[in-house]
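The values are calculated or read from the model by the stated rules, or taken from the named source; none is laboratory data. Here the structure is a predicted model, which means the values were calculated and not measured. Reconstructed Cβ throughout: ideal geometry from the backbone, glycine too, with neighbour counts over all protein chains shown. We work out accessible area using only protein heavy atoms, side chains counted, and drop any ligands, DNA or RNA first. Shrake-Rupley method; radii C 1.70, N 1.55, O 1.52, S 1.80 Å.
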Amino acid sequence: MPNSDAKEPRLCRVSKRSTWHIYYQRKRISTGCEDRVSAELVLHKFKEGLLKPEIRAAGISGILDAYHADRVNNEKPGAERIGWSLKPLKVFFGDKPPEIITPDSCKRYTAFRLDQGVQISTARTELGTLRAAMRWAVREEIVSKAPRTKLPPRPDARQRWLTRSEAAELVDGCVAHHIRLFVLLALHTAARKSHILTLTWSRVDLQARIIDFRDPAKPRTKKGRARVPINDTLYEALKEAYELRETEFVVEWAGDQVSSIKTGFRAAAKRADLSGITPHTLRHTAATWMAQAGISLWDIAGYLGHSNIKMVEETYAHHCPDYLRTAAGVLG
């Protein structure tokens, strides 16, 4: 009696192979999956492909590469960040079909990255890239439906900030001139590390005392750049650096642009006996000082380069001495 399902694709095992295979028309096709559940999803997609040949098969790695290439070729913002996310995503998911992307597999990916020593915010950013790539694949008709990509919860805002005395000790702990200049720029402008390290003298007006962190060669992204004034302390440091400059970059060392201050910053923090701080702590410190001095949340947002005060309110409002005090008075 012939098997009525003989013409239907089905899963099978192959000798000395750890992955499940699809048996169809006397051929064995690897699913790339070692567990039965994932293999069933691949089989389902395979059957769908037979019914809908217009939707071409594509693996996760291939989709990620195509998405990145599209962002680069069309000069879309965030292409560099997407590039950083590709490698760990491709290592974990490989070229398996998009159907294996589920809330559970996303949870396993987060655990995988945390075991590698990255922050949960990094894993969240990478999974965000995966979700964006899948939605792009739907628009490009590479896949028929975007899988459900579950992101880990957004981490709490970093609360570590420096007191005035700690900041002074950190500056004193900077032996190298370029590390000291970086620390002063970060404390007095609240700019991000990457924006400081790519700052050129062409965007520093010592006469008008203005620094423009906006780079005309780069499109505006979510991480906004601000145009901030130069106070007296920073002015003296910048004037000295300008007289000694060898390159177009404000922060330089040995006649070249500085690409990383990680080692020098860590050494300065150690000399100052400060633990649990990173270069980003300086930006957080600057915003905290402004909030404690009663500067409006709107002005702080402008200083940080934000277009609205939502994040600033969530992170720094409790530092403001008069925050909601007027509202409380009305209720009294």
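For Gln116 paired with Arg13, estimate the spin-label separation in nm (one decimal), with each label point 7 Å from Cα along the Cα-to-Cβ line.
3.2 nm
Under a Cβ-only charge scheme (Lys and Arg +1, Asp and Glu -1), can you give me the dipole magnitude of the chain about the Cα centre, in debye to the nearest 20? Walk me through the intermediate numbers first.
Details: 54 positive and 38 negative charges, 346 e Å.
With only Lys, Arg, Asp and Glu charged at Cβ, the dipole is about 1660 debye.
For the chain, what does the accessible surface come to per residue with a 1.4 Å probe? Please give it in Å². Don't jump to the answer; show the numbers that get you there.
On the way: 19940 Å² over 332 residues.
Heavy-atom accessible area per residue stands at 60 Å².
State the three equivalent ellipsoid semi-axes of the stretch 97-139, derived from the C-alpha gyration tensor as the square roots of 5 times its eigenvalues, in descending order and whole Å. Each step should come with its number before you reach the end.
Numbers: eigenvalues 85, 30, 7 Å².
Those come to 21, 12, 6 Å.
Between the alpha-carbon centers of the stretch 258-281 and the stretch 9-45, tell me the distance in whole angstrom.
After rounding, the separation between the Cα centres reads 51 Å.
Determine the alpha carbon to alpha carbon distance for each of Lys90/Lys270; Lys96/Lys145; Lys107/Lys218; Lys107/Lys270 and list only those over 27 Å. Walk me through the numbers on the way to the answer.
On the way: Lys90/Lys270 37 Å; Lys96/Lys145 15 Å; Lys107/Lys218 34 Å; Lys107/Lys270 36 Å.
From Lys90/Lys270; Lys96/Lys145; Lys107/Lys218; Lys107/Lys270, over 27 Å: Lys90/Lys270; Lys107/Lys218; Lys107/Lys270.
Report the equivalent ellipsoid semi-axes for the stretch 106-229 in whole Å, largest first, defined as the square roots of five times the eigenvalues of the gyration tensor built from alpha carbon atoms.
Values: eigenvalues 282, 99, 25 Å².
Values for the stretch 106-229, descending: 38, 22, 11 Å.
Over the residues of the stretch 21-165, compute the C-alpha Rg and express it relative to 2.2 N^0.38 Å. Kindly include the intermediate steps, with their values, before the conclusion.
Working: Rg = 17.7 Å, N = 145, 2.2 N^0.38 = 14.6 Å.
Relative to the rule-of-thumb radius for its length, the stretch 21-165 sits at 1.22.
Let me make sure I get this right: for the stretch 58-130, a, b and c are the square roots of the gyration tensor eigenvalues over alpha carbons, sorted descending. Under 1.5 in a/c it's rounded, otherwise prolate if a/b > b/c, else oblate. Which is it?
Numbers: a/c = 2.30, a/b = 1.31, b/c = 1.76.
Verdict is oblate for the stretch 58-130.
Between the helical axis of 232-243 and the dominant principal axis of the chain, each derived from Cα atoms, what acute angle in degrees is found, rounded to the nearest 10?
Value to nearest ten degrees: 80.
Helix 262-271 against the longest principal axis of the chain: what's the angle in degrees, Cα atoms only, rounded to the nearest 10?
Approximately 50 degrees, to the nearest 10.
Springs between alpha-carbon atoms under 10 Å, Gaussian network over the chain: tell me which of Gln292, Gln207, Gln119 tops the mean-square fluctuations.
Greatest mean-square fluctuation among the candidates belongs to Gln207.
Using a 1.4 angstrom probe on heavy atoms only, work out the carbon and sulfur share of the accessible area of the stretch 119-221 in %. Don't skip to the end; give the middle numbers.
Working: 2650 of 5460 Å².
Its accessible area is 49 percent carbon and sulfur atoms.
To the nearest 10 square angstrom, how much accessible area does Tyr242 have with a 1.4 angstrom probe?
Per-residue accessible area (Tyr242): approximately 90 Å².
Expressed as a rounded percentage, what relative contact order does the chain have, with Cα pairs under 8 Å and six or more residues apart? Mind dumping the intermediate values first?
Values: 417 pairs, mean separation 44.0, N = 332.
This gives 13 percent for the chain.
Tell me which of Leu297, Phe46, Leu244 sits at the most positive position along the dipole axis of the chain, charges placed on C-beta atoms (Lys, Arg +1; Asp, Glu -1).
Phe46
Using 7 Å Cα-to-Cβ label points, what is the His177/Arg271 separation (nm, one decimal)?
Label-label distance for His177 and Arg271, simple model: 1.5 nm.
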